[in-house]
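Enquirer: The following block contains the structure, expressed as structure tokens.
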Amino acid sequence: MVAERLEGRVVSDAIATRVSERIASLPIAPNLVFVRVGEDPASVSYVRSKSRLAQRVGLRTRTLVLAADTDQGTLEHTIRELNRDDDVDGILVQLPLPAPLDEAPVLVLIDPDKDVDGFHPINVGKLWSGLDGLVPCTPLGILAILDHYGVPLEGARVTVVGRSNLVGKPVAALCLRRHATVTLAHSRTRDLGASVRAADIVIAAVGRAGLVGADMVRPGATVIDVGVSRVDGRIVGDVAPEVWDVAARVTPMPGGTGLVTVAMVIQNTLRAARRRRGWA
Ligand code: GUN
């Protein structure tokens, strides 16, 4: 048996169409500002894809590019200015920041109502408390993929591998909110294979090529690959190729979760604008 491909493009296109229709009906297009510090190739590429999709769906958008040697004070001043600008609906600071910049104080500074990444502690707290805040894009994208392909979460055993603030922790919270039974595993989990084998849905978000092997996956499971590694110049995920012979459904890498993450940035910007501007 070869697993069904859960195509990121299909889900991303559906979201983009819905968002662009809503934007067309608004009195003014929501305004999203990207902040990129330095020229890290992955960050340049990520911001470019997000910005292109934002333009395609009719958002107003611009990218502030700061030099790699920008100091903490200048970066924080830039964020304060964007917070103050009432015409800015969304602020996205691309991570990682180059050393020695410190991410945490920057993320805390972003106005939680403009925090389209959902990384501010207020939004993190709202997510875990079941309150209505902005939710990180990759976790939202993972749920959108599962929903699009009809994979039920209620009562499902979900094992998340990786406990990052960007993916592992927030996707665990979202799955819990949807009544899944969640195991949040990581590099020090004893017998990781047993935790992953117990799962109906595996979400691999570590960034170690091929970490999830076929022997770790329950036949018929759904496997979501979030890890991105470069091996011999090729992009590969955390999920080994043999998993496709065991699982029922797998997201490809590339072509899976990354595309849907980008779509969620524009959906979150629409959401932020509606909340801030009091649009229904
Ligand atoms: N770098 C890798 N993933 C992300 C993300 O989702 N948001 C931001 N801001 N930076 C990232």
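Enquirer: What FRET efficiency, computed as 1/(1 + (r/R0)^6) with R0 = 30 Å and r the Cβ-Cβ distance, is obtained for S187 and E103, rounded to the nearest 0.05?
Expert: 0.90
Enquirer: When 1/r is averaged over all different Cα pairs and the result inverted, which Kirkwood radius in Å belongs to region 89-154?
Expert: 13.2
Enquirer: Related question: Quick one: net charge around L140, please, counting Lys, Arg +1 and Asp, Glu -1 for every other residue with C-beta under 15 Å from its C-beta.
Expert: Summing Lys/Arg as +1 and Asp/Glu as -1 gives +3.
Enquirer: Can you tell me the order of 160-166, 56-62, 39-45 when each peptide is scored by its average per-residue count of other Cβ atoms within 10 angstrom, highest first?
Expert: Taking the mean over residues of other Cβ atoms within 10 Å, the ranking is 160-166, 56-62, 39-45.
Enquirer: On to the next question. Considering only DSSP beta bridges with both partners in region 122-252, what is the antiparallel share in %, to the nearest 5?
Expert: On the way: 3 of 19 bridges.
Antiparallel: roughly 15 percent of the beta bridges in region 122-252.
Enquirer: Grab the other residues whose beta carbon is less than 14 angstrom from that of S20, score K and R as +1, D and E as -1, and report the net.
Expert: Value of the local net charge: +3.
Enquirer: So what is the calculated 222 nm ellipticity per residue for the chain, using -39500 (n - 2.57) for each DSSP H run with n of 4 or more, over all residues, to the nearest 500 deg cm²/dmol?
Expert: Only helices count here, giving -12500 deg cm²/dmol.
Enquirer: In terms of the ratio Rg/(2.2 N^0.38 Å) built on C-alpha atoms, what value belongs to region 92-230?
Expert: For region 92-230, the normalised Cα radius of gyration comes out at 1.08.
Enquirer: How far apart, in nanometres, would the label points at V231 and L131 be if each is projected 7 angstrom from Cα along the Cα-to-Cβ direction?
Expert: 4.3
Enquirer: If N is the number of residues in the chain, what value comes out of its Cα radius of gyration divided by 2.2 N^0.38 Å?
Expert: That ratio works out to 1.00.
Enquirer: Using bins 5 angstrom wide from zero, how does P(r) for region 171-211 break down, in % of all Cα pairs?
Expert: P(r) over region 171-211, rounded to whole percents: 5, 20, 32, 26, 13, 4.
Enquirer: If you count the DSSP beta bridges with both ends in region 184-280, what percent of them are antiparallel, to the nearest 5? Don't skip to the end; give the middle numbers.
Expert: On the way: 3 of 10 bridges.
Here the share of antiparallel DSSP bridges comes out near 30 percent.
Enquirer: Based on DSSP, what percent of beta bridges with both residues in the chain are antiparallel, to the nearest 5?
Expert: 10
Enquirer: As I understand it, the dipole of region 1-70 uses +1 on the Cβ of Lys and Arg and -1 on the Cβ of Asp and Glu, about the Cα centre. Which of L59, V2, Y46 lies farthest toward its positive end?
Expert: It is L59.
Enquirer: Please compute the per residue accessible area over region 21-119 with all protein chains in place, 1.4 Å probe, rounded to a whole number of Å².
Expert: Ligands and nucleic acids excluded, the figure is 47 Å² per residue.
Enquirer: Take every Cα-Cα distance within region 3-51, group them into 10 Å bins from 0 onward, and report for each bin the whole-number percent of pairs it holds.
Expert: Per 10 Å bin, starting at zero, the Cα-Cα P(r) for region 3-51 comes out as 19, 34, 34, 13, 1 percent.
Enquirer: Which net charge results for the neighbourhood of W244, defined as the other residues with beta-carbon distances under 13 angstrom from its beta-carbon, given Lys and Arg at +1 and Asp and Glu at -1?
Expert: Here the charged neighbours net out to -2.
Enquirer: Highest mean first, how do 236-245, 252-261 rank when packing is the count of other Cβ atoms within 10 Å averaged over residues?
Expert: Working: 236-245: 20.3, 252-261: 22.1.
Highest to lowest by the protection proxy: 252-261, 236-245.
Enquirer: Also, quick follow-up: How far apart, in nanometres, would the label points at R52 and E154 be if each is projected 7 angstrom from Cα along the Cα-to-Cβ direction?
Expert: Going by the 7 Å Cα→Cβ label model, 4.0 nm.
Enquirer: Label-point separation (nm) for L26 and R9, each offset 7 Å from Cα along Cα-to-Cβ?
Expert: According to this spin-label approximation, the distance is 2.8 nm.
The values are calculated or read from the model by the stated rules, or taken from the named source; none is laboratory data. Quantities reported herein were computed from a predicted structural model and do not represent experimental measurements. Because the Cβ atoms are built from the backbone with ideal geometry, glycine has one as well, and the counts that use them run over all protein chains shown. In case anyone asks, the SASA skips ligands and DNA or RNA and just uses the protein heavy atoms, side chains included. Shrake-Rupley method; radii C 1.70, N 1.55, O 1.52, S 1.80 Å.
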